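Novice: This is the structure, below, for whatever I ask next.
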Amino acid sequence: MSKKQDIQEEEENLLIQREFDALLEDYRNSNHRQKFEIITKAFNFARSAHRGLRRRSGEPYIMHPIAVARIVVREIGLGSTSICSALLHDVVEDTDYTVEDIENLFGPKIAQIVDGLTKISGGVFGERDSAQAENFRKLLLTMSEDVRVILVKIADRLHNMRTLSSMPPAKQYKISGETQYIYAPLAHRLGLFRIKTELENLSFKYEHPDTYRELEKRLAVDEEERKIFYKKFSEPIDEKLSSLGYEFKLKERLKSVYSIWRKMSAQNIHFEEVYDILALRIIFKPREGMSEKDQCWMLYSAITSLYKPHPERIRDWVSTPKANGYESLHVTVMGPMGRWVEVQIRSERMNDIAERGLAAHWKYKTGGKEESELDKWIKTIKEILENPDPNAIDFMATFKLNLFASEIFVFTPKGEIKTIPQGATALDFAFLLHSDIGMLGIGANVNHKLDPLIYKLNSGDQVEILTSKKQKPEREWLNYITTGRAKTKLETYFKKKEKALIAEGAKQIEEALAKINLKPENEHIVRILNYYKLTQPTELYLNAAKGVLDLNDINKLIFKPQNRNVFTRYLKNPFSNTSSGEKKSPPVQKIDLKSTVKLTEENAGKQYQLALCCNPIPGDDVLGYVDEHENVIVHKRQCPAALKLKTNFGNRIVSVEWGIHKGHSFIELIEIKGIDKKGVMMEILKIISESYGFNINRINIETNAGIFIGQLYVYVHDTHEIDALCRQISKISEVNSVRRVQNLKEDEPKT
Ligand code: MN
């Protein structure tokens with residue numbers, strides 16, 4: 001070995017040792033039992049197992065597990081078992097060691113967690129494409145046994161996101177998409193607010209780098225002014241609370257770049273209009289002999305004697321905590337210079353729960369009391385997992401239903417309080433009580449008044465479900481439910497029912513064939529299928545069982561000479577390559593997923609297509625999905641369909657780049673709001689057609705009480721043109737807002 005290599009190795013050893021010492025220091029500072037021995041053992045084992053391996057960034061691989069372990073102890077507050085699992089989390093996946101080896105060395109608990117964190121290597125659950133979903137399912141299965149699995153996984157993901165810059169763009173989209181789709185909501189659900197915010201922010205940074213940088217710059221510009229304002233606002237509070245003898249800390253809270261952007265796009269407002277960029281948090285040390293809740297309201301009273309509260313912006317999560325354990329009292333008050341400021345009031349304990357979620361939650365849990373909302377949620381996940389649904393991607397969708405949703409509170413007839421996601425119906429509630437009640441539900445008494453099961457519940461409703469033994473679920477019920485639990489139960493029911501019908505239909509066909517002395521052989525079945533223009537035997541059986549088909553004439557259709565159509569249809573079998581001409585685009589060549597596909601005008605429709613769900617135009621932040629014909633489908637990065645693709649088919653995501661497009665125009669929708677004064681519309685139209693020479697496709701204008709809302713469909717070449725157009729229109733003094741309307745369905749409710 002050369003001297004240079006020697007020096008490099010020595011330096012790296014030093015680096016590794018320093019990072020590990022920092023981990024031990026973090027652990028020493030936590031209030032866990034001090035089990036240094038097993039942690040050191042796990043470190044040494046992982047270090048030698050990963051020896052020689054490097055991360056993409058070039059640093060020794062072991063730096064990653066150590067970093068994950070540090071997040072686990074310092075940011076999530078877990079102990080030695082989780083620290084060891086974090087140190088060992090990539091050993092089984094990346095080296096020759098097995099879970100058994102881990103078990104022999106570190107015991108069953110750590111081995112179980114490491115197993116849950118190890119990806120299933122291809123093919124076990126069938127299709128390769130859903131492997132990601134399957135892996136996730138496995139992770140959750142282990143989670144329902146030991147929730148630490150998911151916490152270590154989140155720490156792993158957080159570190160990967162923090163170091164994402166060393167990955168190629170396609171990988172970045174895949175990983176940040178997955179993070180946004182699953183891990184951030186999961187962190188939220190588990191009460192890890194700080195981590196959730198960071199995950200979202202990092203995802204956003206990689207999906208929309210330019211917007212991110214721009215907003216960051218805006219925040220920096222206003223920093224000085226914000227500091228002065230904060231001082232002005234907080235000083236009177238500080239004085240007042242001190243004079244009242246409270247022990248407390250004041251903290252300045254800045255909204256994350258992602259939250260700011262989200263608010264801007266959801267409410268269609270400018271940066272300057274986001275009024276709650278700044279918030280103030282009061283963390284108090286509770287006094288003896290009085291409940292924390294009472295003290296929150298005393299602080300509320302003190303603050304609102306200084307600043308007027310906004311009557312509609314009080315959020316009381318102290319009387320009824322959120323399902324993820326969050327407790328806090330929020331109030332928005334009118335600060336100096338007519339600016340609204342949110343004030344968050346919470347005790348030290350509440351703050352700990354809010355920052356570190358689950359782990360802290362358990363720390364404060366006083367033995368065998370009733371199970372928390374969180375425990376209940378984990379139980380629900382377990383139930384969904386136990387339902388044997390072979391389609392892993394459906395499962396992801398169902399699971400996601402369970403992740404979101406701000407909760408509302410509903411009372412049973414006996415006054416028991418239940419939490420249920422916002423938007424849930426009485427039918428969801430019935431399933432929440434018991435699946436039998438759901439299956440047999442016929443109506444609901446909501447606040448002592450009879451309502452149908454499709455009734456959308458409001459917080460505070462008292463609900464009694466009426467049932468009948470004769471009731472049977474209908475397929476359309478699926479349209480009236482929003483909770484994953486009800487969906488799973490109903491789908492299982494219908495699947496079972498369908499299976500029975502298919503068996504019944506198969507029997508009928510068999511009997512009909514037997515009457516004419518035929519056996520249910522494939523060739524006969526195919527003839528019947530062709531006759532009824534069906535493609536799947538299951539369809540045939542289902543129709544037969546439902547009595548849709550006339551089986552009396554079965555001999556006629558079997559012995560009827562096969563017509564030519566059937567024959568030609570056979571020739572057009574899409575799997576045979578002999579047919580030509582009709583297929584839109586023959587597969588070009590295999591696309592290198594590591595490369596960046598250039599979206600030139602010449603290749604449009606040949607090598608790539610623009611997705612119809614989100615209609616991207618040149619200049620939009622986009623990514624490509626390579627379909628089975630090696631066509632690149634281009635989606636906007638924030639398109640919900642793209643999010644799903646990234647999560648489920650991450651290995652088919654390719655990075656794409658716009659070429660110059662000047663030939664083709666795209667129709668885009670601009671929405672303009674403003675004061676309805678004579679001539680405004682004329683002015684707008686003038687700008688569009690004269691100064692810019694854009695063509696207008698269609699116009700809708702609505703006016704109401706002096707306000708107009710105009711929708712203009714214009715032809716543009718790219719985002720630069722539409723941005724310039726919007727800027728120009730917004731200069732008209734009567735115009736209040738102009739925005740490009742993008743048809744992206746938000747698939748998650750605002751929190
Ligand atoms: Mn890892």
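The values are calculated or read from the model by the stated rules, or taken from the named source; none is laboratory data. Bear in mind that the values here come from a model prediction, so they are computed numbers and not experimental data. With ideal geometry, Cβ positions are generated from the backbone for all residues, glycine too; neighbour counts draw on all protein chains shown.
Novice: Looking at Y206 and the list (1) assigned by TED's automatic domain parsing to the domain that holds H330; (2) in contact with a helix residue (DSSP H, G or I) (Cβ under 9 Å, 6 or more places away or on another chain), which single condition is not satisfied?
Specialist: Failed condition: (1).
Novice: On the given criteria, is D222 farther than 15 Å from I303 by Cα, more than 22 Å from the chain's Cα centre (by Cα) and not assigned by TED's automatic domain parsing to the domain that holds A642?
Specialist: Here the answer is yes, as D222 does meet what is asked.
Novice: Let me ask something else about it. Please specify each residue of segment 441-500 satisfying the condition of being under 30 Å from L540 (Cβ atoms) and acidic (D, E).
Specialist: Those that are under 30 Å from L540 (Cβ atoms) and acidic (D, E): E474, E476, E491, E498.
Novice: Could you tell me whether L53 is surrounded by fewer than 20 Cβ atoms within 10 Å (Cβ to Cβ) and within 14 Å of the ligand (Cβ to nearest atom)?
Specialist: yes
Novice: Same structure, new question: Out of (1) within 16 Å of the ligand (Cβ to nearest atom); (2) closer than 27 Å to Q172 by Cβ; (3) in a helix (DSSP H, G or I), what's the single condition that is false for A42?
Specialist: Evaluating A42 over (1) within 16 Å of the ligand (Cβ to nearest atom); (2) closer than 27 Å to Q172 by Cβ; (3) in a helix (DSSP H, G or I) leaves (2) as the failure.
Novice: For segment 57-80, give me each residue that is more than 27 Å from the chain's Cα centre (by Cα) and more than 12 Å from the ligand (Cβ to nearest atom).
Specialist: Those that are more than 27 Å from the chain's Cα centre (by Cα) and more than 12 Å from the ligand (Cβ to nearest atom): S57, G58, E59, P60, G79, S80.
Novice: Can you find a residue in segment 119-126 that is in a loop (DSSP other than H, G, I, E, B), modelled with pLDDT under 90, of a type outside the set (G, A, S) and within 16 Å of the ligand (Cβ to nearest atom)?
Specialist: The answer is yes; a qualifying residue exists.
Novice: For a quick check of your reading of the model, give me the residue pairs whose first member lies in segment 509-526 and is free of Cβ contacts under 8 Å to residues at least 60 places away in the same chain, whose second is surrounded by fewer than 11 Cβ atoms within 10 Å (Cβ to Cβ), with beta-carbon atoms closer than 9 Å and at least 6 apart or on different chains.
Specialist: If the second residue must be surrounded by fewer than 11 Cβ atoms within 10 Å (Cβ to Cβ), the pairs left are E510/K519; A512/N552; L513/K519; L513/E521; I516/F559.
Novice: Looking at segment 202-213, can you tell me whether even one residue there is under 22 Å from N351 (Cβ atoms) and in a helix (DSSP H, G or I)?
Specialist: no
Novice: Of all residues in segment 187-198 being within 16 Å of N160 (Cα to Cα) and not acidic (D, E), which is farthest from the chain's Cα centre (by Cα)?
Specialist: Filtering segment 187-198 for residues that are within 16 Å of N160 (Cα to Cα) and not acidic (D, E), the one farthest from the chain's Cα centre (by Cα) comes out as I195.
Novice: Here is a further query. Suppose we filter segment 283-307 for residues that are assigned to a loop (DSSP other than H, G, I, E, B) and exposed (fewer than 13 other Cβ atoms within 10 Å of the Cβ); how many remain?
Specialist: Of the residues in that region, 6 qualify.
Per-residue answers, yes or no, for (1) modelled with pLDDT of 90 or more; (2) outside the structural domain of I353 (by TED's automatic domain parsing); (3) farther than 28 Å from P169 by Cβ; (4) within 16 Å of the ligand (Cβ to nearest atom):
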| site | (1), (2), (3), (4) |
| --- | --- |
| S82 | yes, yes, yes, yes |
| L88 | yes, yes, yes, yes |
| D96 | no, yes, yes, no |
| D101 | yes, yes, yes, no |
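Novice: I'd like to verify a number: residues in segment 598-656 that are surrounded by 19 or more Cβ atoms within 10 Å (Cβ to Cβ), among the acidic types (D, E) and out of contact with any helix residue (DSSP H, G or I) (no Cβ under 9 Å at 6 or more places or on another chain), how many?
Specialist: 0
Novice: Now, a different point. Of all residues being more than 15 Å from the ligand (Cβ to nearest atom) and surrounded by 21 or more Cβ atoms within 10 Å (Cβ to Cβ) in segment 145-173, which is modelled with the lowest pLDDT? Just the residue, please.
Specialist: Restricting to residues being more than 15 Å from the ligand (Cβ to nearest atom) and surrounded by 21 or more Cβ atoms within 10 Å (Cβ to Cβ), the top hit is R148.
Novice: Something else now. State whether one or more residues within segment 273-282 are more than 34 Å from the chain's Cα centre (by Cα) and over 27 Å from T719 (Cα atoms).
Specialist: no
Novice: Another one. Kindly establish whether S372 is among the polar types (S, T, N, Q) and either at pLDDT below 65 or in contact with a Gly (Cβ under 6 Å, 6 or more places away or on another chain) (or both).
Specialist: yes
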